[in-house]
Amino acid sequence: MKTLTMACTTCPASCKLIVKTENGEIVEISGNTCPRGIAFAQKEYTDPERLVTSTVLIEKDGKEFLLPVRTKTPVSKKLVFDVMEDIRKIKVKAPVRVGEVVYENIGNSSCELIACKTVV
């Protein structure tokens, strides 16, 4: 039996979760103070996801600047390198507003890349 520890990021309590596994299956989850900790541990063990934040080039008045961007929803950690590969190729033109989609299906993740800053 293997034992893993992880910090739950679902709520401010940041519970220290203890996940016991056997043959690749979760046998026991403990240390959570709310039911969300169990769901977090199961998801984190089977298919962890992360928000990806970065910058892309934006052209304004003939000059290039960096535009902060992030994925609209978390993507599988397996796809983070594919997402970053696509991000490196992106160049947008002003104007762009906060929350505006600058790229769809980034890294074949079915996720949208959105702007984190308004540039007019």
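Every read-out reported here was derived from the displayed coordinates using simple, explicitly stated rules and does not represent laboratory data. In this text, all values refer to a predicted model and were calculated from it rather than measured experimentally. Reconstructed Cβ throughout: ideal geometry from the backbone, glycine too, with neighbour counts over all protein chains shown.
Being part of a strand (DSSP E or B) and aliphatic (A, V, I, L, M) is the filter; apply it to segment 21-66 and report the residue that is surrounded by the most Cβ atoms within 10 Å (Cβ to Cβ).
Looking only at segment 21-66, we keep the residues that are part of a strand (DSSP E or B), and these are 21-22, 25-30, 49-50, 53-60, 63-66.
Those still in the list that are aliphatic (A, V, I, L, M) too: 26-27, 29, 56-58, 66.
Working: Ile26: 15, Val27: 12, Ile29: 20, Val56: 21, Leu57: 14, Ile58: 23, Leu66: 11.
In this case the residue turns out to be Ile58.
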Subset tally (residues that are of a type outside the set (Ser, Thr, Tyr) and farther than 24 Å from Leu51 by Cβ) for segment 7-25: 6
Failed criterion for Lys78 (all others in (1) closer than 23 Å to Cys8 by Cβ; (2) of a type in the set (D, E, K, R); (3) in a strand (DSSP E or B) hold): (3)
